[in-house]
1. List residues of region 224-248, by number, whose backbone nitrogen lies under 12 Å from a label position 7 Å along Cα→C-beta of residue 211.
2. Over the chain, what percent of the accessible surface lies on carbon and sulfur atoms, probe 1.4 Å?
3. How about residue 396: which lysines have a C-alpha closer than 21 Å to its C-alpha, ignoring those fewer than 8 places off in the same chain?
4. Charges on Cβ only, +1 for Lys and Arg, -1 for Asp and Glu, centred on the Cα centroid of region 178-266; of 201, 245, 257, which one is farthest towards the dipole's positive end?
5. Can you show me the helix-derived [θ] at 222 nm for the chain, built from DSSP H runs with n ≥ 4 at -39,500 (n - 2.57) apiece and divided by the number of residues, rounded to the nearest 500.
6. With axes computed from alpha carbons, what is the tilt in degrees of helix 90-103 against the longest principal axis of the chain, rounded to the nearest 10 within 0 to 90?
7. Per-residue counts of other Cβ atoms within 10 Å, averaged by peptide: what ranking do you get for 100-110, 429-439, highest first?
8. Pick out, in residue order, every one of the GluC sites (Glu not before Pro) in region 337-432 that is DSSP loop and has at most 11 other C-beta atoms within 10 Å; say none if there are none.
Amino acid sequence: MKYIIVTGGVMSGLGKGITAASIGRLLKNKGFEVTAIKIDPYINADAGTMNPFQHGEVFILKDGGEVDLDLGHYERFMDTAFTKDHNITTGTIYRSVIDKERRGEYLGSTVQIIPHITNEIKDTIREVARKSNAEICLVEVGGTVGDIESMPFLEAMRQMHREMPSDCIFIHVTLVPTDSMGDQKTKPSQHSVKALRELGIHPDVIVVRSKDPLNQSARDKLALFCDVPLAAVISAYDASDIYEVPLILEKERLTDYILDRFKLTPEKDDSGWRKMVERMRLLEKKIRIAVVGKYTGIEDAYLSIREALKHAGVDAGCIVDIKWIEAEELESSENPEELLGDVGGILVPGGFGIRGAEGKITAIKFAREHKIPFLGICFGFQLAVVEFARHRLGWKGASSTEITDTPYPVIEILPEQLDVEDLGGTMRLGDSEITVLKGTRAYAIYGKEEIVERHRHRYEVNPEYIEAIEEGGMRFSGKSGNRMEILEIEDHPFFIGTQFHPEFRSRPGKPAPVFRAFVRAVLRDE
Ligand code: GLN
């Protein structure tokens with residue numbers, strides 16, 4: 001097993017995840033089996049209990065893992081479905097060490113960061129890599145070098161390199177800012193490499209983020225002061241789209257350098273990704289879709305939605321311009337037309353709690369009444385049921401019990417959730433099989449009866465109301481046992497809701513069927 005360890009310097013948010021994911025893609029293009037692990041040095045056992053304002057969206061894996069959004073980048077770039085053990089946190093490592101200590105596995109010893117925590121980190125990484133049957137394992141260490149939190153992880157990586165020097169490569173991602181005179185400044189990168197070297201890690205490659213491509217003088221300085229060969233200074237300048245990044249890294253010959261270091265010879269060079277990006281560059285036609293949510297201030301909160309719309313757009317031959325609408329703004333606006341009048345489609349994504357819920361319902365009503373293509377996901381699906389009950393069936397005050405007490409609880413807690421007390425990792429999570437009813441729009445979209453999609457919810461359509469809702473004209477066209485999974489309205493050009501999250505399975509070149517159909521419906525309407 002070869003390990004590529006990706007660290008970050010200068011500041012957070014530089015795109016280490018996209019760098020790691022891009023390297024994974026390039027190595028896969030060349031015929032290697034690659035896996036990836038994300039280390040998050042926070043203490044939470046997973047990302048599931050974190051607010052999207054903090055870390056962006058929570059990505060859901062097939063096994064129900066609620067993980068860091070970088071795993072989403074890995075899945076999309078590498079077209080692989082990962083499991084939750086590919087996201088390691090300080091919390092998971094300490095928990096497992098403390099469990100072992102209680103079982104007496106370290107009997108007689110004082111349990112310490114070195115060697116017990118660092119051994120646990122190394123063993124976990126090796127075990128995950130081994131189980132995935134890959135030849136190359138990417139390990140991205142979250143945080144910025146110098147943070148207290150990431151120290152034990154970096155120390156473990158140092159030890160791993162010491163144990164297998166020819167099988168580990170360190171890639172350090174840094175920033176070169178441009179000053180007001182237009183000069184590219186290398187000092188912050190020099191300092192962050194110095195900080196890394198103080199921890200005993202000597203980077204093999206420096207991936208440099210900057211606005212424009214690095215000039216020769218900056219490259220020379222970085223090579224000299226960071227003590228790497230000139231060929232190992234990789235200029236990863238700002239790209240117009242994240243899917244361009246693998247092509248930029250390839251142009252800089254990063255994979256050649258890595259493979260050379262590992263003494264590996266590529267078997268092929270798949271050009272599928274390049275062709276997909278070239279198709280993207282040619283797109284001219286634009287459609288506009290509103291995404292009505294409550295974290296629209298930070299786009300990373302709806303990262304997978306944004307990417308899934310993009311994938312569907314490339315497939316349909318159009319650019320999807322997203323109009324982010326804060327649901328609360330719709331609540332206070334007298335006339336929803338002002339905010340929604342200029343869009344060709346409306347999407348209400350997943351969400352939790354009362355804030356913004358009424359604004360989302362306003363958006364759904366607008367889409368239903370004005371026959372605008374609509375896609376509701378999870379909370380968006382549930383609120384579409386609420387809206388229909390209130391305004392089409394006339395059930396005054398109908399709602400979800402997540403939001404309020406109501407005479408018509410059309411959305412109700414899942415029975416198996418009634419006794420659940422813990423909030424971490426306890427929702428209905430991950431893959432479930434769904435049966436799609438023949439002769440419905442959902443069947444036309446999927447083209448088959450059995451599908452598998454990812455979930456993350458605690459509430460569902462209340463079984464007591466299903467018959468009445470269906471009699472009123474809303475059809476449940478996908479079911480998982482007696483759980484409602486897909487809804488549609490027949491006398492509407494495109495009105496679909498899914499209790500599951502199709503966005504997590506969407507890939508560049510392989511859009512999620514529901515997104516594909518939604519974007520095509522918007523395009524048709526233009
Ligand atoms: N809050 C809703 C539930 O828990 C929807 C969840 C979601 O949109 N992911 O069922």
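The values are calculated or read from the model by the stated rules, or taken from the named source; none is laboratory data. Predicted, not measured: the structure shown is a model, and the values here were computed from it. A quick note on method: Cβ atoms are made from the backbone with ideal geometry, for glycine too, and the neighbour counts reach across all protein chains shown. These accessible areas exclude ligands, DNA and RNA; they are computed on the full protein's heavy atoms, side chains included. Shrake-Rupley method; radii C 1.70, N 1.55, O 1.52, S 1.80 Å.
1. The answer is 238, whose backbone nitrogens lie closer than 12 Å to the label point.
2. 48
3. Here the lysines satisfying the reach criterion relative to residue 396 are 360, 365.
4. Sorting the options by dipole projection puts first 201.
5. -11000 deg cm²/dmol
6. For helix 90-103, the angle is close to 80 degrees.
7. 429-439, 100-110
8. Of the GluC sites (Glu not before Pro), the ones in loops of region 337-432 whose Cβ has at most 11 other Cβ atoms within 10 Å are 421.
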